[in-house]
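Chemist: Dumping the structure here so I can ask a few things about it.
Bear in mind these aren't lab numbers, they're just calculated from the coordinates by the rules spelled out. What you see is a predicted model; the values in this text were computed from it and never measured. Here the Cβ positions follow ideal geometry from the backbone for every residue, glycine too, while neighbour counts run over all protein chains shown.
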Amino acid sequence: MEQHIKYPFCCKEHSTFFSTLFENYIKLRKKQEGIVIINNDFSLYKELTKTNLKLIFESQKKSISKWNDNLIVDLEKKLWSISSIMFIYYVFNVFEIVLDKEINDNFEFLKDQSINLHNSVGTEEIKTAFELIFQILDDIKRAKNIDIF
């Protein structure tokens, strides 16, 4: 698969690929550990490690900062954007890819953005996004504490 600078959010083919993996994770995560899901489709999820996380973080950080948390539609977009990036960050952790301080700082920014909004009143969509974010955060914590090899 040819990589583009904003992979996996660059073109329809890559966006569809990412969406399929992310939806698969969301669907299966209710019954399986995150690491098991990724191990079952190891080579597919490994493709996500080709993401330029620094670029994606910077690009999304601007959008996330612009959205109005008091508007339900903006809050939904913000939370799903955060969960998507956190998911890619999680995959990097599962594959034990060393991330630089800037990427880890950007992750902390996203984490703070979602945690600070947790008491927001919202729709079922917002509730689902929060549940997913906290599940991914838990999976990241576990991935960082597991020595796979």
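Chemist: Compute the acute angle (0 to 90°) between the alpha-carbon long axis of helix 53-66 and the principal axis of greatest extent of the alpha-carbon atoms of the chain; round to the nearest 10°.
Modeler: The helix 53-66 is inclined about 10 degrees to the chain.
Chemist: Using a cut-off of 23 Å between alpha-carbon atoms, which lysines can reach residue 127, once sequence neighbours fewer than 8 places away in the same chain are excluded?
Modeler: Cα-Cα hits under 23 Å: 27, 30, 31, 61, 66, 77, 78, 111, 141.
Chemist: With the cut-off at 1.5 for a/c, could you classify region 51-149 from its C-alpha gyration tensor as rounded, prolate or oblate?
Modeler: oblate
Chemist: Follow-up question, since we're still on this one. Between helix 101-116 and the chain, what is the angle of the helix's C-alpha long axis to the longest principal axis, kept within 0 to 90° and rounded to the nearest 10?
Modeler: 40
Chemist: If we count other beta carbons within 10 Å of each Cβ, what is the order of 36, 91, fewest first?
Modeler: Listing 36, 91 from fewest to most nearby Cβ atoms yields 36, 91.
Chemist: Ok, one more. Using Cα pairs closer than 8 Å and at least 6 residues apart in sequence, work out the relative contact order for region 12-143, in percent.
Modeler: 30
Chemist: Using alpha carbons only, how many degrees (0 to 90, rounded to 10) separate the axis of helix 72-94 from the longest principal axis of the chain?
Modeler: The two axes meet at around 20 degrees.
Chemist: Another question, then. Taking GluC sites (Glu not before Pro) as candidate sites, keep only those in a DSSP loop with at most 16 other Cβ atoms within 10 Å, then name the longest stretch of the chain containing none of them.
Modeler: Value returned for the longest uninterrupted segment is 34-95.
Chemist: What net charge do the residues around residue 72 carry, taking every other residue with its C-beta under 15 Å from that of residue 72, with Lys and Arg at +1 and Asp and Glu at -1?
Modeler: -2
Chemist: Relative to the Cα centre, what is the charge dipole magnitude of the chain, using +1 at the beta carbon of each Lys and Arg, -1 at the beta carbon of each Asp and Glu, and rounding to the nearest 20 debye?
Modeler: With only Lys, Arg, Asp and Glu charged at Cβ, the dipole is about 100 debye.
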